[in-house]
1. Could you please find all residues in segment 98-126 being modelled with pLDDT of 95 or more, surrounded by fewer than 16 Cβ atoms within 10 Å (Cβ to Cβ) and under 25 Å from Arg177 (Cβ atoms)?
2. May I ask you to list pairs of residues, at least six apart or on different chains, whose Cβ atoms are under 9 Å apart, with the first in segment 55-71 being without any contact (Cβ under 8 Å) to a residue 40 or more places away in the chain and surrounded by fewer than 15 Cβ atoms within 10 Å (Cβ to Cβ) and the second being assigned to a loop (DSSP other than H, G, I, E, B) and of a type outside the set (A, V, I, L, M)?
3. Quick one: count up the residues across segment 123-143 that are aromatic (Phe, Trp, Tyr) and either without any contact (Cβ under 8 Å) to a residue 24 or more places away in the chain or under 11 Å from Ser67 (Cβ atoms) (or both).
4. Given the structure, is Pro47 under 23 Å from Glu102 (Cβ atoms), at pLDDT below 75 and under 20 Å from the mean Cα position of the chain (by Cα)?
5. Considering only segment 76-83, I want to know if a residue exists there that is under 16 Å from the mean Cα position of the chain (by Cα), crowded, with 16+ Cβ neighbours inside 10 Å and either within 21 Å of Gly58 (Cβ to Cβ) or free of Cβ contacts under 8 Å to residues at least 40 places away in the same chain (or both).
6. Examine segment 109-122 for a residue that is touching a strand residue (DSSP E or B) at 6+ places or on another chain (Cβ under 6 Å), touching a residue at least 40 places away in the same chain (Cβ under 8 Å) and either in a loop (DSSP other than H, G, I, E, B) or under 30 Å from Arg94 (Cβ atoms) (or both), and state whether such a residue exists.
7. Quick test for you: out of Ile165, Ile209, Ile190, pick the one residue that is over 22 Å from Ile78 (Cα atoms), within 14 Å of the chain's Cα centre (by Cα) and surrounded by 18 or more Cβ atoms within 10 Å (Cβ to Cβ).
8. Looking only at segment 148-167, count how many residues are more than 10 Å from Gly110 (Cβ to Cβ) and in contact (Cβ under 8 Å) with a residue 40 or more places away in the chain.
Amino acid sequence: MTDPTQAEISAEIAAASAVPGHPRLDYPPYRSSLLRHPHHALVAVDPEAAELAAPVFGTRDVAAGESDLTAGWAGDPIGERMTITGRVLDAHGRPVAGQLVEIWQANAAGRYRHAGDRHPAPLDPNFSGTGRCLTGSAGDYTFTTVKPGPYPWRNHRNAWRPAHIHFSLFGTAFTERLVTQMYFPGDPLIPLDPILSSVTDATARALLIATYDHDRSVPETSTGYRWDIVLGRTWAQ
């Protein structure tokens, strides 16, 4: 079997960009999109070796407390506390139980606890911005955290990312991993965000924005948001 030609690779990229509801791989307003997908033949890797790099935020069994990003610190994190809940479903609307869900986010000031983040906003000593859980029998998940702040990202002049939370879901293998982002309703930065706009289908783009859910708000404690995730394949039950 011969390696694919550059023309064949370009054709595959164009086909992937044309899938309804998927982000365009080459989307000029989002400058990094031109660099973050294959332009050459893929490199074969050992699947077992790849598994050693996952999951991202821990190699031990998931503990119940890891879904509360506000707990376990010397003090309370700064910011609007909120509860995020939803269900993970397969392509036929069936719940996906036992799914590893990991999240990471900026703090309320819009800064990640990461060495590569040079945004001159304060770090929160009581907030790491990372958490994980396993979905329940109904495909349900819940996280307690604080609302992240916007931050500059130098994609273009005066570029600011809207508030968002990164989600990672693992299937039965590392190669089935899905990484996506959840946004918040009413954010004025959403129409200005090239990353979200790279999902050119308006219906699909709207599905990336969570819904405020007053029934999930905890009195005197946190606001509530709901965000369901539908995986694009049928999962064996």
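1. Hits for segment 98-126: nothing passes.
2. Every condition considered, the pairs that remain are Gly65/Gly72.
3. 2
4. Answer is no for this residue.
5. no
6. Yes, some residue in segment 109-122 is touching a strand residue (DSSP E or B) at 6+ places or on another chain (Cβ under 6 Å), touching a residue at least 40 places away in the same chain (Cβ under 8 Å) and either in a loop (DSSP other than H, G, I, E, B) or under 30 Å from Arg94 (Cβ atoms) (or both).
7. After applying the criteria, what remains is Ile209.
8. 6
The values are calculated or read from the model by the stated rules, or taken from the named source; none is laboratory data. Bear in mind that the values here come from a model prediction, so they are computed numbers and not experimental data. Methodologically, a virtual Cβ is constructed for each residue, glycine included, from the backbone with ideal geometry; neighbour enumeration extends over all protein chains shown.
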